[in-house]
Structures are given as structure tokens and as C-alpha cells.
Amino acid sequence: MGCWGAWGAGSAASGEKSPSSSGAAAASAKRSANARREMCGGTPVELKLGMRAKVSSAPATGEAPTRELFGPGPSNVDPRVTRALAQPLVGHLDPYFLQLMDETMDALRRVYRTTNHHTIPMSATGSGGLETIMLNLLEPGDEAIVGVIGYFGQRLAEMASRAGATVRVLEAPLGDVIAPERIAAELRRKPAKLVALVHAETSTGAWQPVEDIAGVAHEHGALFAIDCVTSLGGVPVDIDRWGVDAAGSCSQKCLGSPPGLAPVTFGPRALDAVRRRRHKPSTWYFDLNLVFQYWGEAGGPKDRVFHHTAPVASLYAFREALRLVLEEGLEARWRRHRDAHERFARGLERLGLELFTPAAQRLPQLNVIKIPPGVDDALVRRQLLARGIEIAGGFGPLKGKTWRVGLMGYNATPARVDLLLNAIEEVLRVGAFLR
Ligand code: PLP
């Protein structure tokens, strides 16, 4: 297995000059130079970060097609969520809407298993929530350690670097995870303000244990933040019990809502760091202090200050999705995701297909399948799409070698798994790829 290699820091870290002498380019090169890469053994692989998709020549007119969304998200949503989306609009300062905001915060706290007041869906996709964490917790001159077990870890490191921090990256080979001892050793070597990791790495299907790393970070006086974009609602996330200081997720995966919202939570240690900042964050839109003048500080004034026009309809849908999660119960939902994965894995075995991610750290909601030799990745995915079914390809070093199949939220049921397995079998038989 390969390793994720440098995420663009190689040349700068080795002292090469930036090709441009402009101030912005020089600043960017300096930030990149902050990123020091740790080798994970073997030859490092240069990663192409782009995730390209072919543009179809068919005109996008008329109604959107019905798709069964078995990629890494968005996934299909419950009809109750679709109905909520179509409710009449109200203003973003309407008393009804302010009440909905409070209800949403309350439900989100229960889903994140936290008493953190500062728990809201940011008006952004998951990436925006993660930038909110990095831009509020870090400032120029800070040190951060980012565990990189795949593509999304690299992005987290890039965000930390753009927040002005000096980033030390610890990598693991593809499919693997980072042991707490490695973080402890790095913190002993040099302290850091923040340790950050991806909990569910969507590029490799690896499930990174985080609880022990939270303890290690705190022992060394560091904050601990996680990307739980693919984990929240699908596998246990227990913010207060684990001692996570900040976390960011998305609306469109295991929580079962359309894309466009980024649920985040910030605990007391993280807020203390925000209060003790030497400078205002470089972001206006994601500045927590401003955003909470709209969402309401704990014990603060009842009236709300306009910050931006909240995506009212998306929040109707999101509140309904959270209600569905809580009605089902978190444990039952995690079990449903695990059962769906096990059914899918048994079906794949029957078809002679293998999972890429080692069993010990395999996510149930995101299945990375090895493409058998001789099978045309793009052709199979095109034929599935012609049947109304979306799955995703791999990227980076796994492009053309893996498929990524999400069984998330509404799609994590036996009927949906069977629908997908039957379609995969049919496509592979038509292509004469199955014996
Ligand atoms: N982090 C992880 C682990 C992801 O899987 C994704 C998206 O798939 C993101 C971050 C980015 O989230 P979004 O696409 O909602 O901005």
C-alpha cells in the first residue's frame, strides 16, 4: 500500500523558492513551508488533489432525474425531509424561524452527544464547518499537528496552514489509521496548540479511533478537533465523553438532509482559545463571535443580530432530518448502518468482490471496493448510472483501482442494499466480468 505523501509542501519544505515574487504568492509559499511532512516509510507519492468528473453533453433541462445515491454523499433523504424542504418560506428573523434555530441547536447537541452551547449548523457545506474550526482556533505563529490518513486529512492540513499555523503532518499508509503513540511522541518532541484528524476518511474507508488521541492531546495541553463529516449519524460520535474540543460535519451524508449545512460544535476549551486570540480571525463569514450574535450566545440577549440570510428551507429540512435521527435513536441508527454494511459485504463476497479497507478499521457507511483486474471502472459506473444508480470512483492513488459506495442514512436498509447489489451484479454480468 502506498502512503499519502506530500500535499504540496515538499518543494517549499525543502527550501525551494516560490516561482512568483508577488506578496500573495510569497505568503502562500511561506504558509506551505510551514507544513513539515513526516515520512511513513517507502517512497512518498505525489498526490494530485483534484477530483475530476466528466461533463456530459446532455442538456440539463426539465425535472432532475431520480437517482439512487450510493456514492459518498449526498445520499437520498427520507420523504419527510423532502416535504419539509417545500414548506412556505419565512424570514430569517421571523419568530417562527428563531424558534426553529433553537430547536435545531438542541437536537444537534443530542446528536453530537454534547452539552456545548456552541453547536450549530453553519450555512456552508462540510468544508465550511472545518474552515470555521481552523480559522477560529488557529492564528499565525500557532503550531498544529494534523493526522493524514487520506485525501480529506490533507485538506484539513491545508486549511490549518492557510489559517497561518505551522503544520506538522503525521501520515499513515492508505487504508490505515494513526496510533495515539505517534501523536504523543510528536507532542513530546514539540508542543502544539491543536491536534486534528479525520474520524471517517471517505477516500480510503478507514475509521480512525479518536478517543485515546483526545486524551493524549489534552495531556500535552493541546486542543483536539475532528472532521466527522462522514461519521456523524452513522457511527458513534461522543463529543463530551471523548473530550473533543471542536468537531465539524455535514448535512448530506449519514444525517440524511440535502447538502448545504455544516453542523459544528465548540467546547469550553476551544471557546477559551477563541477568546484569547491575539488577532481577529482572517475570516468575516466564519467568525464564531459574529455568527453567535445571530444564533444567540448562552445566557446572552434574546434579540438576534443579522449576520447573513440563513438558508431557511435547508434548515427546515435539516431540523426534520435531526428529528428522524432522534426518533430512531442513535444506537439503533448506528446498528442499522452496521447491519447494512454486513449485508453488503456478504453480497460482495458472493460476487467475488473484495473490500479494500482492512477489516479492523473498516467504516460501515463508506465501503471501498477493489476493482477486479480487467474491469473498466468508468464503464461500470456509467452503466450503473444508466440504471439510475450512482456510486463513486476512487481518487488520488486509488483512482481506477477502487469504487466507493456509501450506505448512509436513508440508504442503510436491507432493501436499498439489495437494490444496489442486484444492479452491480447485473452490470458486471452484462459486461461479462463475472464468471
Ligand atoms: N471531510 C470529509 C471526510 C468528507 O468526506 C467530505 C466530503 O465528502 C468533506 C470533508 C467535505 O465536505 P463538503 O463536501 O460537504 O464540503
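Counting only helical runs of four or more DSSP H residues, what would the 222 nm mean residue ellipticity of the chain come to if each run contributes -39,500 (n - 2.57) and the total is spread over all its residues?
On the way: 15 runs with 168 residues, N = 435.
Computed mean residue ellipticity for the chain: -12000 deg cm²/dmol.
Answer rounded, prolate or oblate for segment 385-435, using the Cα gyration tensor with square roots of eigenvalues a ≥ b ≥ c: rounded when a/c is under 1.5, else prolate when a/b is larger than b/c, else oblate. Oblate. When the Gaussian network model of the chain links Cα atoms closer than 10 Å, the mean-square fluctuations of G329, G126, G299 top out at G299.
With the convex hull constructed from alpha-carbon coordinates only, segment 215-317 shows a mean projected area of 8.1 nm² over all directions.
The HN-Hα couplings worked out from phi for segment 378-386 by the Karplus form 6.51 cos²θ - 1.76 cosθ + 1.60 (θ = phi - 60°) are 5, 4, 4, 5, 5, 5, 5, 5, 4 Hz, whole numbers, x standing for Gly and Pro. Here segment 79-327 is assigned +1 on the Cβ of each Lys and Arg and -1 on the Cβ of each Asp and Glu. Its dipole about the Cα centre then comes out at about 320 debye. Using +1 at the C-beta of Lys and Arg and -1 at the C-beta of Asp and Glu, which of A60, I226, V90 has the Cα lying farthest in the positive direction of the dipole of the chain? Checking the options against the dipole of the chain, the answer is A60.
When the chain is treated as a Gaussian network with alpha carbon springs shorter than 10 Å, the biggest mean-square fluctuation among E68, E328, E390 belongs to E328. For S75, S127, the sequence from fewest to most other C-beta atoms within 10 Å is S127, S75.
Please state the charge dipole magnitude for the chain, taken about the Cα centre, from unit charges on C-beta atoms (+1 on K and R, -1 on D and E), reported in debye and rounded to the nearest 20.
Values: 52 positive and 45 negative charges, 148 e Å.
So the dipole magnitude of the chain works out to roughly 720 debye.
Ordering V305, V81 from the fewest to the most neighbouring beta carbons within 10 Å gives V305, V81. Taking a ≥ b ≥ c as the square roots of the eigenvalues of the alpha carbon gyration tensor, segment 190-271 is prolate, as a/c is not under 1.5 and a/b beats b/c. As I understand it, the dipole of the chain uses +1 on the Cβ of Lys and Arg and -1 on the Cβ of Asp and Glu, about the Cα centre. Which of V148, P209, F286 lies farthest toward its positive end? Final value for the positive-end residue is V148. With θ taken as phi - 60° and the Karplus curve 6.51 cos²θ - 1.76 cosθ + 1.60 applied, the whole-hertz 3J(HN,Hα) list for segment 356-363 is 7, 6, x, 3, 5, 10, 8, 6 Hz, x standing for glycine and proline.
Express in whole angstrom the spacing between the alpha-carbon centres of segment 103-128 and segment 314-378. So the two Cα centres are separated by 23 Å. When the charge dipole of the chain is built from unit charges on Cβ atoms (+1 for Lys and Arg, -1 for Asp and Glu) and taken about the Cα centre, the candidate among Y410, G71, P121 whose Cα reaches farthest toward its positive end is G71.
In order along segment 117-128, phi translates into HN-Hα couplings of 4, 7, 9, 8, x, 5, 7, 5, 7, x, 4, x Hz, rounded to whole numbers, per the Karplus curve 6.51 cos²θ - 1.76 cosθ + 1.60 with θ = phi - 60° and x for Gly and Pro.
Springs between alpha-carbon pairs under 10 angstrom, Gaussian network model over the chain: which of D272, D94, D245 fluctuates most? Among D272, D94, D245, the largest mean-square fluctuation in the Gaussian network model of the chain belongs to D94. Of interest is the spacing of the C-alpha centroids, which for segment 72-94 and segment 161-220 amounts to 35 Å. When each of Y151, Y96 is scored by the number of other beta-carbon atoms lying within 10 Å, the sequence from fewest to most is Y96, Y151. Dividing the C-alpha radius of gyration of segment 79-327 by 2.2 N^0.38 Å, with N its residue count, gives 0.98.
Residues whose amide H falls under 5 Å from that of I145, counting only those 5 or more places apart or on a different chain, are R168, L194, V195, A196, with hydrogens built in the peptide plane. Per-residue packing, averaged as other Cβ atoms within 10 Å, sorts the ranges 318-324, 277-283, 362-368 into the order 362-368, 318-324, 277-283, beginning with the highest. When each of the peptides 130-139, 179-188 is scored by the mean number of other C-beta atoms lying within 10 Å of its residues, the order from highest to lowest reads 130-139, 179-188. Can you classify the chain as rounded, prolate or oblate using the Cα gyration tensor, where a ≥ b ≥ c are the square roots of its eigenvalues, rounded means a/c under 1.5, and otherwise it's prolate if a/b beats b/c and oblate if not? In terms of gyration-tensor shape, oblate.
Values in this text are rule-based calculations from the coordinates and carry no lab data. Since the structure is predicted, the reported quantities are computational estimates derived from the model, not experimental observations. Heads up, the Cβs are rebuilt from the backbone with ideal geometry, glycines too, and the neighbour counts pull from every protein chain shown.
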